[in-house]
Each structure stands twice: as structure tokens, then as C-alpha cells.
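No lab work stands behind these numbers, since they all come straight from the coordinates. Just so it is clear, the structure is predicted and the values come from calculations on it, not from any experiment. Reconstructed Cβ throughout: ideal geometry from the backbone, glycine too, with neighbour counts over all protein chains shown.
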Amino acid sequence: MSRAQEHRSFNEVVGLILLGVGTLLFLALISYDPRQVPDRFPLSTTASAASNVAANFVGPLGAIVACCFYFLLGAASYLVAVTMLGYGGAKLLRPELQMRRHVWAIVAFIVSGACILQLQSWFLQDWPMLMNTRGANQWRAGGWFGYWIGHGLFETPMGTIGALLLLLCVYSVSLIFMTDIHPILLARRLAQLPGKWQQALERRRLAMADDRGRLEIAERRLARETERLERK
């Protein structure tokens, strides 16, 4: 096996691992119940694991992992699962993708998301009651990182509005670097879609039309071009 093939195989294995771990994490998060966590676990908030509670999709280990993620990142834990699934799929489709140069963007994306969830007051206000993780009443939907970074480093010196604006900028910029999708370029391409669809439709009509129909299509096209030049 050549070196290039070995590198491709390695990247495909990495992609499959990310997809698998991301799927397991997502299943553990959506099926989490605080009563699933054994009482001997340090982050447990229940006296003992209830026997009548539906088991976590990933078993007792899944409950413990979900508890840790919810404690550290709150609702932003789902961003970790989504990132794993996204990069896992990208690795399979584009094995040459280098994740190392995106690490800082991934960290900024997840942490800033946790901070935003901590500072906002529009949704997930019942998070502490639902998740019942240790410290949830203090750091709400943002978890430990959201509270100590979002509140401690940003909200305290800048205020809620200023901190949210800055964190939204960090979140947006990190998302752009993670996905390599530039919003201005994307907006331009989206704006060009109606024209491209119209051209494709005209080409199809032109191929199916007789001589008279082709002449009419050419006349309409000429009229549109003349009108466009006159507006300029």
C-alpha cells in the first residue's frame, strides 16, 4: 500500500471514529436523566439511581458522560456532538481535510456558545430544573465554562449586552473558520441562483422548441439584455 493510500485510510478511520463517538454522545445527551447517574459518582445530585427510570441509550457510562458534559458546557454539549458528526462526515468526503488548523476555532465555537447560553435570558430558563446537574442553579444552561468565562470574564466588566455582542462575533467568526463558508460569498451565490435557474430553464426550452419558438426565446433574451443595459 502506498503512503498516499495509507494516509487516506487513516483519515477515513478518523472520520468513522468521529461519527461513531459523535453519535454515541448525542444519544447519551438526549436520553439523559439525572436519576440515571450512580450516587457514588461525584457529580451525582440524587441519593441513588432510580430503578424505574428509563436507561440511558448508551447505558450507565452514557449517563455519566452526559452528566459531565452538561456540568461543564450545559446545552452547548450538543455543539460538541454536532462538531464531531460534521467533521466525521467531512473526513470521509474530504480525507485531505486538516482538523489541526481548526482546533482553535472549534474550541472558540463551543466555549463561546456555552457563554452565550449562560448570558441570554430568552430560552432554556428551566434548564436547571430539567438537568439538575451539580451547580446548575448557579451557571444555568451555559455550564461551568459558560458561567466562569461568560459571566466572570465578559459580563462582569462589559455588561450583558456588550458581552453578548462580543461573544456572538466570536461565535460567528469561529463558525466561518470551522466550515470555510464565507457568508458574503455565500450570499452572492444565493443571489445568483434565480438567474442560473432561469438560464437553465431557457436552455431546456430552447432545446425542445421549434424554429419559431427559438426565435421568440432569443427575442425575449435580447429584450432583457437591452433593459438591463438601459438601467445601467
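Placing a pseudo-label 7 Å from each Cα along the Cα-to-Cβ vector at D180 and R100 gives an inter-label distance of 1.7 nm. Between the listed residues L85, L73, Q125, the Cα displaced farthest toward the positive end of the dipole of the range 70-151, a dipole computed from Cβ unit charges relative to the Cα centre, is found at L85. Classify the range 3-181 as rounded, prolate or oblate from the Cα gyration tensor: take a ≥ b ≥ c as the square roots of its eigenvalues, call it rounded if a/c is under 1.5, otherwise prolate when a/b beats b/c and oblate if not. Verdict is oblate for the range 3-181.
Each Lys or Arg adds one and each Asp or Glu takes one away; over the other residues whose Cβ falls under 15 Å from the Cβ of C115, this sums to 0.
A simple spin-label model places pseudo-atoms 7 Å from Cα toward Cβ; at F10 and W148 they are separated by 3.5 nm. Here the label points at V21 and C169, each 7 Å from Cα along the C-beta direction, are separated by 3.3 nm in the simple model.
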